[in-house]
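Novice: Mind having a look at this structure? Questions to follow.
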Amino acid sequence: MIFRLKKFIAVLCAALSAFALCACAAAGYAEYSSVAFSSDIIFTARIVGGRPKYAFDKMTKLIADIDAQASLTKDSDLAEFNRADVGERVEVGEHCYALFELAMRYYELTSGAFNPALAPLGELWHVSADSIPDTGLGDGLVLPSRSDVDAALENCDPNAVVAEKNDADGKYYLVKTSPVRLDFGGIAKGYAVDLCVRILDEYGVNSALLDISGNAYFYGGYVSNAQSDAWRVGVVSPRPRVQSGERKYVCAVSVDGGNSAVTSGDYMRYYVKDGVYIPHIIGRDGVPIGVTFDGESWVNSGEPVISATVIGQSSAVCDALSTAVCALGMERGLELLKKLGYKGLIFTEKRYTIIGSELYRPDRYDGHLAYERYEP
């Protein structure tokens, strides 16, 4: 079975669902939801105070505007840029331009572990959203050769894109100097969440939980019994339990209002080909994490990160960093989060680590005990 939800966490309130992000209706939250980002993603908002319906409608329109500019659908600004010839000057909208600049910032800060120009490799490995097999099995697929990967990598340098802003007319442009193609799927949802938070400010909201396909933002305190408390967040196990095939909660963490939490993992989009597990997250070498070439064929080896939850004030940053940590591995991913001042949890098949000791609240969720605690 394939799990197409790319990122998800769950809020622990009255009841928990294995693949949902939920809050207590009894606490007085008005709940709204709509399809977003080219009918592939659900946007949910649970809001207390202010003018919630007006806020939700404005947030929905904002997300639609971002989608029209930065999705990979054929009519978007980004799709037009990807189709453009080398040297062609393509006018793009403000959101598309801002996403490129933001993605480049985190491309540099992560030393390329977060790369917005990996679209050709996603297609080559059949792990892009529109090319991955629905069955989860790679029957009929042919894995690329090492030379195919190396050739594709030559056109995956986002530095080959020049961003231009015309101050005279306020227009934005992107120009490619080599046949590079961009994909903002690793940061667009977080970017949208961050802009939605401004709308909550505008409409006088007291407390809210925003969720765009697992990019969660906790606004204000969680309202319960007329009190405002920290939010309790359940982190889903990266591996299903053998007995039931369901993912349970590994642990719970406490998140203060004004923070976002985003999880990336190798289980969110993948398939198996000839016994090799092929996840959608691609490393700086152009190969899916946990996959190596042994001189004759592709095999699984090493100790890749299978789940990374990142917590911090910006959802866009958490979005980018959760992917980067998976690409970097446990030790270097941990160093990156500490360097940038972001908190979170990282899991491999054998170990886990927590960045920010005050986060962890074990309660009755003891799934982490299946892993060895890693202390740097």
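Novice: Which ones in the stretch 163-177 are closer than 14 Å to residue 117 by Cα and more than 27 Å from the chain's Cα centre (by Cα)?
Specialist: Matches in the stretch 163-177: 177 only.
Novice: Mind listing whichever residues of the stretch 26-63 are among the small types (Gly, Ala, Ser), open to solvent by 70 Å² or more (accessible area, probe 1.4 Å) and in a helix (DSSP H, G or I)? Step through it out loud before you land on a result.
Specialist: Of the stretch 26-63, the ones among the small types (Gly, Ala, Ser) are 26-28, 30, 33-34, 36, 38-39, 45, 49-50, 55.
Applying the additional criterion that residues be open to solvent by 70 Å² or more (accessible area, probe 1.4 Å) yields 26, 33, 39.
Once the filter is applied, which keeps residues that are among the small types (Gly, Ala, Ser), open to solvent by 70 Å² or more (accessible area, probe 1.4 Å) and in a helix (DSSP H, G or I), the stretch 26-63 yields only 26.
Novice: With respect to residue 292, is the statement that it is surrounded by fewer than 20 Cβ atoms within 10 Å (Cβ to Cβ), part of a strand (DSSP E or B) and of a type outside the set (D, E, K, R) true?
Specialist: Values: surrounded by fewer than 20 Cβ atoms within 10 Å (Cβ to Cβ): yes; part of a strand (DSSP E or B): yes; of a type outside the set (D, E, K, R): yes.
Taking the combined requirement at face value, the residue satisfies it.
Novice: Let me ask something else about it. How many residues does the stretch 256-288 contain that are of a type in the set (Val, Ile, Thr) and buried (at least 23 other Cβ atoms within 10 Å of the Cβ)? Explain how you work it out, then say what you get.
Specialist: Looking only at the stretch 256-288, we keep the residues that are of a type in the set (Val, Ile, Thr), and these are 262-263, 272, 276, 278, 281-282, 287.
Okay, now just the ones that are also buried (at least 23 other Cβ atoms within 10 Å of the Cβ), so 262-263, 278, 281-282.
Matching residues across the stretch 256-288 total 5.
Novice: Another question, then. Given the conditions (1) aliphatic (A, V, I, L, M); (2) under 20 Å from the mean Cα position of the chain (by Cα); (3) under 27 Å from residue 157 (Cβ atoms), report the number of the one that residue 291 does not fulfil.
Specialist: Exception for residue 291: condition (2).
Novice: Here's another thing I want to ask about it. Spot the failing condition for residue 299; the list is (1) open to solvent by 20 Å² or more (accessible area, probe 1.4 Å); (2) modelled with pLDDT of 95 or more; (3) not in a strand (DSSP E or B), and only one is missed.
Specialist: (3)
Novice: Follow-up question, since we're still on this one. So residue 66 passes all but one of these: (1) β-branched (Val, Ile, Thr); (2) under 22 Å from residue 268 (Cα atoms); (3) open to solvent by less than 60 Å² (accessible area, probe 1.4 Å). Which condition number does it fail?
Specialist: (2)
Novice: Can you tell me which residue among 155, 159 is of a type in the set (S, T, N, Q), under 24 Å from the mean Cα position of the chain (by Cα) and in a helix (DSSP H, G or I)?
Specialist: Details: 155 fails: in a helix (DSSP H, G or I).
The unique qualifying residue is 159.
Novice: Please specify each residue of the stretch 204-232 satisfying the condition of being at pLDDT below 85 and within 26 Å of residue 41 (Cβ to Cβ). Talk me through it step by step, then tell me what you get.
Specialist: The first filter runs over the stretch 204-232 and keeps only residues at pLDDT below 85, leaving 214, 224-229.
The answer is 214, and nothing else.
Novice: From the list 98, 79, 18, 84, which residue is farther than 26 Å from residue 199 by Cα, modelled with pLDDT of 75 or more, under 21 Å from the mean Cα position of the chain (by Cα) and surrounded by fewer than 21 Cβ atoms within 10 Å (Cβ to Cβ)?
Specialist: Numbers: 98 fails: farther than 26 Å from residue 199 by Cα; 18 fails: modelled with pLDDT of 75 or more; 84 fails: under 21 Å from the mean Cα position of the chain (by Cα).
Of the residues listed, the single one that is farther than 26 Å from residue 199 by Cα, modelled with pLDDT of 75 or more, under 21 Å from the mean Cα position of the chain (by Cα) and surrounded by fewer than 21 Cβ atoms within 10 Å (Cβ to Cβ) is 79.
The values are calculated or read from the model by the stated rules, or taken from the named source; none is laboratory data. In this text the structure is predicted, and so the values were computed from the model without any measurement. Ideal geometry is used to build each Cβ from the backbone, glycine not excepted, and the neighbour counts take in all protein chains shown. We work out accessible area using only protein heavy atoms, side chains counted, and drop any ligands, DNA or RNA first. Shrake-Rupley method; radii C 1.70, N 1.55, O 1.52, S 1.80 Å.
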